[in-house]
Amino acid sequence: MSRPGDGWRPAALPDDRLDAVAAELLDLLGLVDRALRRYGVVPEHEIVAGLREFAALPGAVAAGVVDTDPREPWHAAYELAGRRSAVLAAAGPLARDGDRLAWSGAGRAAYETCWGPLSGQVAEALPATLAATASYGAHLAQWYAALRAALVDFFLRYGTGPAAVGLRTAPIGAGGAGELAAGGTAARAAADLGAACFAALRPVLRAGAALRDDPPARPRHAGPAPSGHGGTAYEVDPG
Amino acid sequence: MTAMAHGHATDREARVPREVDEAWIEAAAEHYRRLERCRAVLAERAASADVTVRSGDGLVEIVVTADGVFRDVRIADSALRTRTAGELSRTVLAACQQARTAAEWATEKLHEQLFAGLRYPD
């Protein structure tokens, strides 16, 4: 079993720059969503595959990412790691005292029946479970941070590019011949930006699906546990 | 414990409206194609619709298509006798500017006639 050291804590989160550009980003991708609704979707454009995959418009997806807060799972992971350290610190003396017996016979046997599973729970299963959960929280926090960083990268790359400028200057909502004439260009600009946004998020979201489906902890059987304490621990690799 | 984390992720996912499905994509693609057809029709009609603008003194006549292509500039012979080159240049320039405005107006009129019922989902 791979287990973190007693003093393990989740790695620090990277600097978050999304909040600084979130308003501009959501404004641009809101225009993308509006243009896609208003002028339709260019057939054969790669945005079509992205829409099928994400089942949402780019602005809606981005709003969901902006709404994430990596600090929440990170703080939870940090707190759990601290509790695990406390359990490990308490488990050592407890095990020494619990194993040091000066008596024998039927009482000793009855005592061992309870003490064995309990000592295993306190010394191994509970710390492993806390470590697994802390590890999961740390991975989740890093995943949130990666999602947010991907959105920032998209915005830095495309936020002031030709497609963005074209979309911002398009007469969206103006009506008449001018809007009809400009609608095709706006639709293509929106498709380009939306596809680029999906492309930026796609690898991170896939990593998130892997994290969800195969968390960094595998159940192992810890043997019988005292009533009310659960019987499953996790092998962990907090990375 | 992991179930709690899964629940958290599910809450996040629920905040992203799942408004796009295959029917939406097909309707959006068809809407795009319809607008493309409208643009083609309008462009064809605008290219073949001539707009003629005369200067206030009637000496200069500009012919422009509704899509803004200048097709002819006609200057009356009398203009060469009664106007200086500078006056005539200004008259031609003003007529061209009026012609461009008239072309835009004509395009809007064509749009109204052809696509009065055109609506954009928003």
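Every number in this text was worked out from the coordinates using simple rules, so none of it is lab data. Because the structure is a prediction, the values reported are computed rather than measured. A quick note on method: Cβ atoms are made from the backbone with ideal geometry, for glycine too, and the neighbour counts reach across all protein chains shown.
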Among A:Gly92, A:Val21, A:Val42, the residue whose Cα sits farthest towards the positive end of the charge dipole of region A:1-99 (+1 at Cβ of Lys and Arg, -1 at Cβ of Asp and Glu, taken about the Cα centre) is A:Gly92
Taking a virtual spin label 7 Å from the Cα of B:Ala49 along the C-beta vector, which residues in region A:168-211 bring their backbone nitrogen under 19 Å of it? A:174-184
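Quick one: B:Val20, B:Val73, fewest Cβ neighbours within 10 Å first, how do they rank?
Least crowded to most crowded, the residues run B:Val73, B:Val20.
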Cut-off 11 Å between beta-carbons: net charge of the residues surrounding A:Gly178, Lys and Arg +1, Asp and Glu -1: -3
Along region B:93-105, Karplus-curve 3J(HN,Hα) (6.51, -1.76, 1.60; θ = phi - 60°) to the nearest Hz, with x for Gly and Pro, reads 4, 4, 5, 5, 5, 5, 5, 5, 4, 5, 5, 5, 4
³J(HN,Hα) computed for each position of region A:115-126 - Karplus, 6.51 cos²θ - 1.76 cosθ + 1.60, integer Hz, glycine/proline x: 5, x, x, 5, 5, x, 5, 6, 7, 10, 5, 5
Got a sec to turn the phi values of region A:203-215 into Karplus ³J(HN,Hα) couplings, 6.51 cos²θ - 1.76 cosθ + 1.60 with θ = phi - 60°, whole Hz, x for Gly and Pro? x, 6, 5, 5, 5, x, 5, 5, 5, 5, 7, 9, x
40 Å tail of the calculated P(r), the protein assembly as shown, as % of Cα pairs: 46
Would you order A:Glu124, A:Glu53 from fewest to most other beta-carbon atoms within 10 Å of each residue's own beta-carbon? A:Glu53, A:Glu124
Note down the nm distance, to one decimal, between modelled labels 7 Å out along Cα→Cβ at A:Trp115 and at A:Ala210. 4.7
Name the residue farthest towards the positive end of the dipole of chain B from the options B:Leu42, B:Ala116, B:Ser78, assuming +1 on Cβ of Lys and Arg, -1 on Cβ of Asp and Glu, about the Cα centre. B:Ser78
Give me the net charge of B:Val60's neighbourhood, meaning all other residues with Cβ under 9 Å from the Cβ of B:Val60; Lys, Arg count +1, Asp, Glu -1. 0
Environment charge at B:Thr107 (Cβ cut-off 14 Å; Lys +1, Arg +1, Asp -1, Glu -1): -3
Here the residues of region A:131-171 lying in the modelled label zone of A:Glu24, meaning backbone nitrogen under 19 Å from a point 7 Å along Cα-to-Cβ, are A:148-170
For chain A, with a Gaussian network of springs between Cα atoms less than 10 Å apart, report the residue from A:Ala200, A:Ala12, A:Ala190 with the top mean-square fluctuation. A:Ala12
If you filter region A:55-129 for chymotrypsin sites (Phe, Trp or Tyr not before Pro), then keep DSSP loop positions with at most 14 other Cβ within 10 Å, what is left? A:Trp103
Full extension between B:Asp57 and B:Leu80 adds, at 0.36 nm per residue less the Cα distance, a length in nm of 7.0 nm
Just how large is the dipole of the protein assembly as shown about the Cα centre, in debye to the nearest 20, putting +1 at every Lys and Arg Cβ and -1 at every Asp and Glu Cβ? 180
